[in-house]
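Okay, handing you the structure first.
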Amino acid sequence: MAIPLLIDTDPGIDDALALLLAFASPEVSVEAITTVAGNVPVERCTANVCRVLEVLKLSRQPLVAQGASKPLVRSLVSAGHVHGEDGLGDLHRFSDADGSPRYPPVEPRLAPGDGPDLILECAARFDGELVVVALGPLTNLALALQRDSRRLASIRRLVVMGGAVACPGNVTPVAEFNFYVDPEAAARVLQAGLPLELIPLDVTRQTVLSRSALDGSLAACPGPIAQFVSDFTLKGFAFGADSGEGGLTLHDPLALAVALDPSLVSSEALHVAVECGGSLTRGMAVADRRPLPAQHKRPPNCRVAMSVDACRFLALFLDRLCRASR
Ligand code: RIB
Ligand code: CA
């Protein structure tokens, strides 16, 4: 039986690649997608999810619900400079041979209720079996906790892309973007006792996709999906070249891949807290890695991926992306 999956996301170029990976993976059944403000305003995130679904032309559509338009208590900090103002590499730039827009607007078809409602509804429907993959700020998960923590606690796994544990951040010297945008939400989710697996920059930074590897893979499966991937990743590769990352860092696809195959990473059980008060340290993931006896530290509240089989992951990603593109 395919594992029921809910993806909470702020697409976002790497989020969109994670969505394509999920739909190309027989191990899982994407039952629902919830959007959250992050890389771009939530309305654009929702439009981008609908764009991916439109391009994929799936026979069975997941439920889609729009979530939080801003963090719990702070104003939104977004990342249009990384993902494009539309969140998918500024797709309006692309036209077909006849000059018509290659990506005309898509009419969103949304489930009733908002993102946190859909998360709780799926937790109930797939009681004990639902795997949630969170690829953006944790605002929707925190709101779902506020509404019905007992129901949310019934999920099988919560795989979170976020944090920087023993490496620098990507928004400040110490903070990763998803935790920086909504540190209060990240703090609440981490201390809620959920079966949380954290996929931080410590491992995602080791999974950088080169343009040549992507082009080589897509050349084997030409068509509208391959064209879409080539178009929406263009700005991501430009950012990667400018920022010295050397390619497109697959933060969210790695988190999604761990939901498919946990053996891709090695993890440590750690207590992780999130800094909410500091001006210099807002959003910092503070992991207790001191070599002390367990009784002298707070008990672990998550498992943190600290090493990754990057080659095996990249091979899986490209193989599945090609499958998605057929
Ligand atoms: O720090 C990387 C994370 O922030 C990724 O999820 C990316 O999509 C952005 O949301
Ligand atoms: Ca994301």
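The values are calculated or read from the model by the stated rules, or taken from the named source; none is laboratory data. Model, not experiment: these values are computed from the prediction. A quick note on method: Cβ atoms are made from the backbone with ideal geometry, for glycine too, and the neighbour counts reach across all protein chains shown.
With the condition kept exactly as written, say whether any residue in the range 126-140 is closer than 25 Å to residue 77 by Cβ and either away from ligand 1 (no atom under 16 Å from the Cβ) or surrounded by fewer than 24 Cβ atoms within 10 Å (Cβ to Cβ) (or both).
no
Name the single residue that is nearest to ligand 2 (Cβ to nearest atom) among those in the range 28-81 being among the charged types (D, E, K, R) and touching an Asp or Glu at 6+ places or on another chain (Cβ under 8 Å).
Once the filter is applied, the top-ranked residue is 44.
What helices (runs of 4 or more DSSP H), lying completely within the range 168-224, carry at least 3 residues that are modelled with pLDDT of 95 or more, within 21 Å of residue 302 (Cβ to Cβ) and more than 13 Å from ligand 1 (Cβ to nearest atom)?
In the range 168-224, 183-190 are the helices (runs of 4 or more DSSP H) which contain 3 or more residues that are modelled with pLDDT of 95 or more, within 21 Å of residue 302 (Cβ to Cβ) and more than 13 Å from ligand 1 (Cβ to nearest atom).
So residue 197 fits all but one of (1) closer than 24 Å to residue 131 by Cβ; (2) within 15 Å of ligand 2 (Cβ to nearest atom); what number is the exception?
Here residue 197 meets the rest and fails (2).
If I filter the range 23-43 down to residues being in contact (Cβ under 8 Å) with a residue 40 or more places away in the chain and crowded, with 24+ Cβ neighbours inside 10 Å, which single residue comes out as farthest from ligand 1 (Cβ to nearest atom)?
Checked the range 23-43; the qualifying residue farthest from ligand 1 (Cβ to nearest atom) is 34.
Could you run through the range 237-253 and say how many residues are over 18 Å from residue 33 (Cβ atoms), within 10 Å of ligand 1 (Cβ to nearest atom) and outside any loop (DSSP other than H, G, I, E, B)?
Going through the range 237-253 one residue at a time, the tally reaches 1.
Cβ-Cβ under 7 Å, sequence separation 6+ or interchain: first residue in the range 233-257 and under 9 Å from residue 18 (Cβ atoms), partner at pLDDT below 95. Which pairs?
As it stands, the answer is none, since no pair meets every condition given.
Given the structure, is residue 53 among the hydrophobic types (A, V, I, L, M, F, W, C), part of a helix (DSSP H, G or I), closer than 22 Å to residue 214 by Cα and touching a Lys or Arg at 6+ places or on another chain (Cβ under 9 Å)?
yes
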